[in-house]
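The values are calculated or read from the model by the stated rules, or taken from the named source; none is laboratory data. Being a predicted model, the structure only gives us computed values, none of them experimental. Counting neighbours? That spans all protein chains shown, and the Cβs are built from the backbone with ideal geometry, glycine included. Accessible surface areas use protein heavy atoms only, side chains included; no ligands, DNA or RNA. Shrake-Rupley method; radii C 1.70, N 1.55, O 1.52, S 1.80 Å.
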Protein chains: 2
Amino acid sequence: MGKVNLQEKLSQFSDHWSPKIVGELNGQQVKLVKIKGEFVWHKHDHEDELFFVVKGSFKMEYRDRMVEVNENEFLIVHRGIEHRPVADKEASIMLFEPASTLNTGDTEGELTKHTLDKI
Amino acid sequence: MGKVNLQEKLSQFSDHWSPKIVGELNGQQVKLVKIKGEFVWHKHDHEDELFFVVKGSFKMEYRDRMVEVNENEFLIVHRGIEHRPVADKEASIMLFEPASTLNTGDTEGELTKHTLDKI
């Protein structure tokens with residue numbers, strides 16, 4: 001029941017594209033992830049995802065457009081929509097999504113994380 | 001599918017204890033609320049709630065203790081736990097909770113909001 005300080009949690013890791021669980025509620029999880037470079041194109045058939053930018057900025061690419069998301073902004077990607085996050089410089093993101101969400105969705109590969117650390 | 005800028009949304013209202021819906025996903029809602037003063041003691045029998053401080057700080061009182069939550073920190077209050085948020089100065093909070101959540105939980109009264117604006 002303690003509070004979570006985002007900076008304190010972010011100071012505990014430095015790897016990219018590897019979400020850490022920092023909270024759980026109502027079958028959903030709160031995750032923190034540092035991103036840099038291009039992720040893989042993927043979609044989630046059964047989960048909507050929220051990306052909140054804690055630090056930096058990133059671009060969410062869709063097949064037909066792109067949205068730049070900056071600090072203190074969030075973007076919801078609804079289920080079934082193909083997307084690819086891209087960060088030219090490192091960015092820190094807070095995710096809200098169902099506990100069942102696999103980071104690479106329907107595109108399993110090198111970047112897929114089947115188990116996530118809780119920090 | 002557009003992004004949400006928290007400052008832009010917060011600039012659209014000034015009333016206290018009246019959450020505005022700014023996002024929906026997976027049966028959950030993202031809300032913004034400005035708080036000042038003491039809320040009412042209440043609990044939610046079926047919903048966990050996340051309070052993320054966007055600006056300022058507040059105290060979450062429980063029956064047996066108190067937690068001060070500052071900017072860039074969040075607190076999860078699990079279902080069934082009596083709580084009362086208190087803010088000596090105005091604070092801006094982002095909430096993440098099930099769409100079914102009533103702001104005053106099991107304590108309906110003057111502060112209860114049965115319908116919330118989407119902004």
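Side notes on the structure shown:
Yes/no matrix, rows are residues, columns are (1) open to solvent by less than 50 Å² (accessible area, probe 1.4 Å); (2) modelled with pLDDT under 95; (3) within 14 Å of the chain's Cα centre (by Cα); (4) of a type in the set (A, V, I, L, M, F, W, C):
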{"residue": "A:GLU61", "(1), (2), (3), (4)": "yes, no, yes, no"}
{"residue": "A:VAL86", "(1), (2), (3), (4)": "yes, no, yes, yes"}
{"residue": "A:SER100", "(1), (2), (3), (4)": "no, yes, yes, no"}
{"residue": "A:GLU110", "(1), (2), (3), (4)": "no, yes, no, no"}
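- Residue check, A:SER92 polar (S, T, N, Q) and buried (at least 17 other Cβ atoms within 10 Å of the Cβ): yes
- Assessment of region B:67-87 against the conditions (away from chain A (no Cβ under 13 Å) and not basic (Lys, Arg)) yields at least one matching residue.
- Verdict on A:THR115 being outside any strand (DSSP E or B), closer than 30 Å to B:ARG79 by Cβ and without any contact (Cβ under 8 Å) to a residue 24 or more places away in the chain: yes
- Only one of A:GLY27, A:GLY56, A:GLY37, A:GLY23 that is touching a Phe, Trp or Tyr at 6+ places or on another chain (Cβ under 9 Å) and either within 23 Å of B:LEU50 (Cβ to Cβ) or within 12 Å of another protein chain (Cβ to nearest Cβ) (or both): A:GLY23
- Qualifying residue in region B:63-73 (condition: within 12 Å of the chain's Cα centre (by Cα) and open to solvent by less than 20 Å² (accessible area, probe 1.4 Å)): no
- The residues in region A:3-20 that are within 7 Å of chain B (Cβ to nearest Cβ) and free of Cβ contacts under 8 Å to residues at least 12 places away in the same chain can be counted, and the count is 3.
- Residues satisfying the stated conditions in region A:1-57, i.e. hydroxyl-bearing (Ser, Thr, Tyr) and open to solvent by less than 20 Å² (accessible area, probe 1.4 Å): A:SER18
Quick grid of which residues meet (1) closer than 30 Å to B:HIS46 by Cα; (2) of a type in the set (Phe, Trp, Tyr):
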| site | (1), (2) |
| --- | --- |
| A:VAL33 | yes, no |
| A:VAL40 | no, no |
| A:GLU49 | yes, no |
| A:PHE52 | yes, yes |
| A:MET66 | no, no |
| A:VAL77 | yes, no |
| A:LYS89 | no, no |
| A:GLU110 | no, no |
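- Search result, residues across region A:33-84 that are without any contact (Cβ under 8 Å) to a residue 24 or more places away in the chain and more than 26 Å from A:LEU10 (Cα to Cα): A:TYR62, A:ARG63, A:ASP64, A:ARG65, A:MET66
- Boolean, A:ASP48 is acidic (Asp, Glu) and either touching a helix residue (DSSP H, G or I) at 6+ places or on another chain (Cβ under 9 Å) or more than 7 Å from every other protein chain (Cβ to nearest Cβ) (or both): no
- Subset of region B:74-84 (residues that are open to solvent by 10 Å² or more (accessible area, probe 1.4 Å), over 26 Å from A:VAL53 (Cβ atoms) and not in a loop (DSSP other than H, G, I, E, B)): B:ARG84
- Filtered residues of region A:100-114 (kept if closer than 21 Å to A:LEU10 by Cβ and within 14 Å of another protein chain (Cβ to nearest Cβ)): A:THR101
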